[in-house]
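Written out below as structure tokens is the structure these notes cover.
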Amino acid sequence: MIGKTCDGFGLLGPYLVTADQVDPNNLKIEGTVNGEVRQSSNTSDMVFNCAQIVSYASTLMTLLPGDLIYTGTPEA
């Protein structure tokens, strides 16, 4: 974890959406640097769906409303 938790890491935005606004299992994931798309994928392409990830994480720690779970880098 030490290599993934430096100051300034974990940036989000420009906005977040909630599950009542979209289907979390069909959500575009995109990473940009200075406006250039570097990664583009979809949550439908993940090995484990969102419910499975939340279920597993909740066995390891207490999850509260507003908590974020980082799933790693998309394939492309």
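The values are calculated or read from the model by the stated rules, or taken from the named source; none is laboratory data. Being a predicted model, the structure only gives us computed values, none of them experimental. Every residue, glycine as well, gets a Cβ built from its backbone with ideal geometry; the counts of neighbours run over all protein chains shown. In case anyone asks, the SASA skips ligands and DNA or RNA and just uses the protein heavy atoms, side chains included. Shrake-Rupley method; radii C 1.70, N 1.55, O 1.52, S 1.80 Å.
Which Rg and Dmax, in Å, describe the Cα atoms of the chain?
13.5, 37
Over the stretch 1-74, what percent of the accessible surface lies on carbon and sulfur atoms, probe 1.4 Å? Provide the component values of the computation, followed by the final result.
On the way: 3600 of 6380 Å².
Carbon with sulfur: 56 percent of the solvent-accessible area.
Would you grab the residues whose amide H sits under 5 Å from the one on Ile29? Only those 5+ places off in sequence or on another chain, please, with H modelled 1.01 Å from N.
For Ile29, the qualifying residues are Ser41, Asn42, Thr43.
Work out the length of the dipole vector of the chain about its Cα centre, built from +1 on the beta-carbon of each Lys and Arg and -1 on the beta-carbon of each Asp and Glu, and round it to the nearest 20 debye.
So the dipole magnitude of the chain works out to roughly 120 debye.
Which of Phe9, Val47, Leu63 sits farthest toward the positive end of the charge dipole of the chain, with +1 on the Cβ of Lys and Arg and -1 on the Cβ of Asp and Glu?
Phe9
Which whole-Hz ³J(HN,Hα) couplings does the stretch 37-42 yield from phi under the Karplus relation 6.51 cos²θ - 1.76 cosθ + 1.60, θ = phi - 60°, glycine and proline marked x?
5, 10, 9, 8, 7, 9
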